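The values are calculated or read from the model by the stated rules, or taken from the named source; none is laboratory data. Quick caveat: nothing in here was measured; it's all calculated off a predicted structure. Note that we place each Cβ from the backbone using ideal geometry, even for glycine, and neighbour counts take in every protein chain shown. Ligands, DNA and RNA are excluded from the accessible area calculation, which covers all protein heavy atoms including side chains. Shrake-Rupley method; radii C 1.70, N 1.55, O 1.52, S 1.80 Å.
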Amino acid sequence: MKKLDFLYEGKAKKIYKTSDPKVYAVEYKDDATAFNGQKKGTIDDKGIVNNRVSAKMFKILEEKGIETHLIELVDDRNMLVKAVEIVQVEVIVRNVATGSLTKRLGITEGTVLDPPVLEFCYKSDEYGDPVINDYHIRAMKLADEEELRTMTEMTFKINDILRETFTKVNLNLIDFKIEFGRFDGRIILADEISPDTCRLWEADTNEKMDKDRFRKNLGNVKAAYQEVLKRVESL
Ligand code: 5GP
């Protein structure tokens, strides 16, 4: 299927229409941003890693009963997806305290969160993706009651599946961000699952194997992304 009109360019991906109105083509870029776009750079071959890791994770989730937007992986940087309308809410799950949570609430870095913490953020560059709750979501008409319930149930299932999957390749899933979309009246998992959107720590050493290497200038960013791809593709 051919890419037709360019539809939208995000920070990490470009979206194109195709000849089928129900199908979009997604192209993953090497561009990297952090801190709401204040830090900009590129990570060599990041687009390849994120496209392939996302496709693999979406396939595993589908096998376990989670509907995702993935139709098929086309090549190293491109996938075909269902043409969803994105819900303007980022859903975050935290299994271990780090990042903005430790700054916001003073919880010690590395504290295991049991049960895991679910957060919603309003997807807005203008307002810096602020944390919101279910009342904001309903009042702002970002999603209705049933959609919220579905997203919440799916998110905890997704956390269980992703944790189990990453554990098999010696990576601890510390936290992650996902996005949902509306398709034919259903809520399905959209966007990506990658080292850009998940914090993954080496199980034995707690070494960071994700975008925090870029955010915090830790070096060896490309190598960490490549290592995640290698392990995920061994599954
Ligand atoms: P934090 O709120 O601690 O910065 O992020 C929590 C988790 O959500 C991390 O895994 C982080 O990568 C992911 N996350 C939150 N917001 C964004 C975002 O706007 N872009 C990306 N790529 N990941 C995000």
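Within the chain, which is the longest segment that contains none of the GluC sites (Glu not before Pro) sitting in a DSSP loop with at most 16 other Cβ atoms within 10 Å?
Working: sites that count: Glu67, Glu109, Glu126, Glu207.
The reported range is 127-206.
Report in % the part of the accessible area of the chain that belongs to carbon and sulfur, leaving out ligands and nucleic acids; probe 1.4 Å. Could the numbers behind the result be given before it?
On the way: 5600 of 11480 Å².
Carbon and sulfur: 49 percent of the exposed surface of the chain.
Anything over 26 Å Cα to Cα? Flag those among Lys13/Lys230; Lys46/Lys141; Lys2/Lys29; Lys64/Lys141, in the order listed. Don't jump to the answer; show the numbers that get you there.
Values: Lys13/Lys230 22 Å; Lys46/Lys141 34 Å; Lys2/Lys29 18 Å; Lys64/Lys141 30 Å.
Violating the 26 Å Cα-Cα cut-off are Lys46/Lys141; Lys64/Lys141.
Multiply the residue gap between Glu126 and Asn36 by 0.36 nm, knock off their C-alpha separation, and tell me the result in nm, one decimal place. If you can, show how the numbers build up before the last one.
Numbers: separation 90, 0.36 × 90 = 32.40 nm, distance 0.91 nm.
So the extension gain works out to 31.5 nm.
Note down the net charge around Pro195, summing +1 for each Lys or Arg and -1 for each Asp or Glu among other residues with Cβ under 15 Å from its Cβ.
Working: positive: Lys11, Lys13, Lys29, Lys46, Arg52, Lys56, Lys177, Arg199, Lys208, Lys211, Arg213, Arg215, Lys216, Lys222, Lys230, Arg231; negative: Asp30, Asp31, Asp44, Asp45, Asp175, Asp191, Glu192, Asp196, Glu202, Glu207, Asp210, Asp212, Glu227, Glu233.
My count for the surroundings of Pro195 gives +2.
For Glu164 and Glu72, compute 0.36 nm times the residue count separating them, minus their Cα-Cα distance, and round to one decimal in nm.
30.8 nm
Can you compute the modelled spin-label distance between Glu153 and Leu118, with each label point 7 Å from Cα toward Cβ, in nm?
About 1.1 nm separates the two model spin labels.
Counting heavy atoms of the protein chains only and a 1.4 Å probe, report the per residue accessible area for region 120-234 as a whole number of Å². Don't skip to the end; give the middle numbers.
Details: 5500 Å² over 115 residues.
So region 120-234 comes to 48 Å² accessible per residue, rounded to a whole number.
So for region 3-87, averaging the separation of alpha carbon pairs under 8 Å that are six or more residues apart and normalising by length, what relative contact order in percent results? If you can, show how the numbers build up before the last one.
Working: 146 pairs, mean separation 21.2, N = 85.
The value is 25 percent.
Return the sequence-ordered ³J(HN,Hα) values of region 217-234 in whole Hz as given by the Karplus equation 6.51 cos²θ - 1.76 cosθ + 1.60 applied to θ = phi - 60°, using x for Gly and Pro.
After applying 6.51 cos²θ - 1.76 cosθ + 1.60, I find 6, 8, x, 6, 5, 4, 4, 5, 4, 4, 5, 4, 4, 4, 5, 5, 6, 7 Hz.
How high is the relative contact order of the chain, in percent, counting Cα pairs under 8 Å that sit 6 or more residues apart? Please report the intermediate quantities before stating the final value.
Details: 429 pairs, mean separation 42.4, N = 235.
Contact order relative to length: 18 percent.
First measure r as the distance between the Cβ atoms of Tyr8 and Arg182, then evaluate 1/(1 + (r/R0)^6) with R0 = 22 Å and state the FRET efficiency to the nearest 0.05.
Working: r = 16 Å, r/R0 = 0.73.
Step by step, r from the Cβ atoms, then E = 0.85.
What residues have an amide H closer than 5 Å to that of Thr111, excluding those fewer than 5 places away on the same chain, when H is modeled at 1.01 Å from N in the peptide plane?
Hits under the 5 Å cutoff: Ala97.
Can you work out ³J(HN,Hα) from phi for every residue in region 115-124, in order, using Karplus 6.51 cos²θ - 1.76 cosθ + 1.60 and θ = phi - 60°, giving whole Hz and x for Gly and Pro?
My calculation for region 115-124 gives x, x, 9, 9, 10, 10, 10, 7, 6, 8 Hz in order.
Taking each pair of distinct Cα atoms in region 1-151 once, what is the resulting Kirkwood hydrodynamic radius in Å?
Working: mean 1/r = 0.0568 Å⁻¹.
Final number for the Kirkwood radius of region 1-151 is 17.6 Å.
Could you derive backbone 3J(HN,Hα) for region 52-65 from the dihedral phi with the Karplus parameters 6.51, -1.76 and 1.60 (θ = phi - 60°), listing whole Hz in sequence and x where the residue is Gly or Pro?
Whole-Hz 3J(HN,Hα) from phi for region 52-65: 6, 5, 4, 4, 5, 5, 4, 5, 5, 5, 4, 4, 9, x.
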